[in-house]
Amino acid sequence: MARKFVISPTKLRTYLLCPAKYRLEYIDKLGRFYHRARAGYAFGHSLHRALDAFHNAGGTETVTAEDLTASLETVWVAKGYTDTEQETAFREEGVRILQEYHAASVAARSAAAEPEAPPPPTTLWTEKTLRMDLSPEIALSGRIDRVDEHADGSLEIVDYKSGRDTVNNEEVKDSLALSIYQILVKQKMPDRRVFATLVALRTGARASAELDETERAEIAAACHDTGEEIRNRDWESVLPVVNDHCPYCDFLPHCSRFWRKQAREQGVPPPDIAR
Ligand code: SF4
């Protein structure tokens, strides 16, 4: 049986951002030559790993604030910082974030211990990959930071944002990744209420939203259609076209060479894209 074409939030986002980027990343597989380590990614990855271990170990019931902050050392990703000074500043910020995260978790547990308060949610999954078939040819897959189970049986998808101070309900509602996670969790546990929450780790700010059945069906259909488009695209004809994402794109050196060659052939000046 032929293998299914698997799409994910990252693949869809890349394609929708720039088809040429999708080609370079997933068809030509040139990413290893162009991807640059970045402080923000390394920092976010380190915090994700520390929080993953914290929740897997039982959260505040078993892990002290000191243990949590000390765990950052074990999982720290050192690549991507410009110098030791920058890395130290990020590390100190990471410790502060984890201390406050732990304190907020303790406060939530205390509040839940009050008479008639609902029990606190329990962590059902961390770093969980879910997958579902959209058609005989296409599957949808996503890796979820965390899913909490509430006392009423509802499931809360929790997604961490390490570089953000604020989040709002609209962006949860508009997030393609969080929408896909809701579709995947709901498909696995259809009798449960499923909603999604973004957590801005720098401040602890949270925002939530929930898709209804119609919205989930529409988004799943759109994912399928985009997946079909990607699957059937004539990739040889997909060439770099200047767009708003170019200044932030790791493939800019590659595309700039293409544009310089194209400009020489056409006798016009090449595009000037400042990072
Ligand atoms: S540099 Fe621009 S055109 Fe090239 S892959 Fe990146 S976003 Fe696409």
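Defining a contact as two alpha carbons under 8 Å apart and six or more residues distant in sequence, what relative contact order in percent does the stretch 36-118 show?
That works out to 39 percent.
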Label-point separation, residue 67 to residue 107 (7 Å along Cα→Cβ), nm: 2.3 nm
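Mind ordering 160-167, 34-41 by average Cβ neighbours within 10 Å, highest first? The partial results should precede the final answer.
Working: 160-167: 16.1, 34-41: 12.9.
The most tightly packed comes first, giving 160-167, 34-41.
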Let me check against my output: what whole-number percent is the relative contact order of the chain, with C-alpha pairs under 8 Å and at least 6 apart? 19 percent
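Which semi-axis lengths, in whole Å and largest first, follow from the square roots of five times the eigenvalues of the Cα gyration tensor of the stretch 43-91? Don't jump to the answer; show the numbers that get you there.
Working: eigenvalues 111, 21, 8 Å².
Each semi-axis is √(5λ); the values are 24, 10, 6 Å.
How big is the antiparallel share of DSSP beta bridges in the stretch 93-232, given as a percent to the nearest 5? The partial results should precede the final answer.
Working: 19 of 26 bridges.
About 75 percent, rounded to the nearest 5.
Report the rotationally averaged projected area of the chain based on its alpha-carbon convex hull, in square nanometres.
Values: hull surface 71.5 nm².
Hull-based average projected area comes out at 17.9 nm².
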Set the Förster distance to 35 Å, then compute FRET efficiency between residue 236 and residue 176 from the Cβ-Cβ distance, nearest 0.05. 0.80
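Using per-residue counts of other Cβ atoms within 10 Å, averaged over each peptide, order 177-188, 101-112 from highest down.
Output ranking for 177-188, 101-112: 177-188, 101-112.
Kindly state, to the nearest 0.05, the FRET efficiency for residue 221 paired with residue 16, given R0 = 22 Å and r defined as their beta-carbon distance.
Working: r = 15 Å, r/R0 = 0.70.
Step by step, r from the Cβ atoms, then E = 0.90.
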Please figure out what share of the DSSP beta bridges in the chain is antiparallel and state it in percent, rounded to the nearest 5. 65 percent
Max mean-square fluctuation residue, GNM over the chain, Cα-Cα springs under 10 Å, options 168, 243, 56: 243
When the convex hull of its Cα atoms is projected in every direction, mean area for the stretch 1-150 (nm²): 12.7 nm²
Computed over the stretch 36-118, the Cα gyration tensor eigenvalues, each multiplied by 5 and square-rooted, give semi-axes in Å (largest first) of 29, 11, 10
What spacing in nm lies between the two simple spin-label points modelled at residue 212 and residue 129, each 7 Å away from Cα in the Cβ direction? 3.5 nm
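Applying 1/(1 + (r/R0)^6) with R0 = 51 Å to the Cβ-Cβ distance of residue 86 and residue 57, what FRET efficiency is obtained, to the nearest 0.05?
It comes to 0.95.
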Using helices alone, I'd like the mean residue ellipticity at 222 nm for the chain: each DSSP H run of four-plus residues gives -39500 (n - 2.57), total over residue count, nearest 500. -15000 deg cm²/dmol
Simple label model, 7 Å out from Cα along Cβ direction - residue 29 to residue 244, nm: 3.3 nm
The answer for residue 139, listing residues at least 5 apart or on another chain whose modeled amide H is closer than 5 Å to its amide H, is 5, 6, 7, 134
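Values quoted throughout were computed directly from the atomic coordinates according to the rules given, and no laboratory measurement underlies them. This structure is a prediction, so every number in the text was calculated from the model and none was measured. Neighbour counts run over all protein chains shown; Cβ positions are idealised from the backbone, glycine included.
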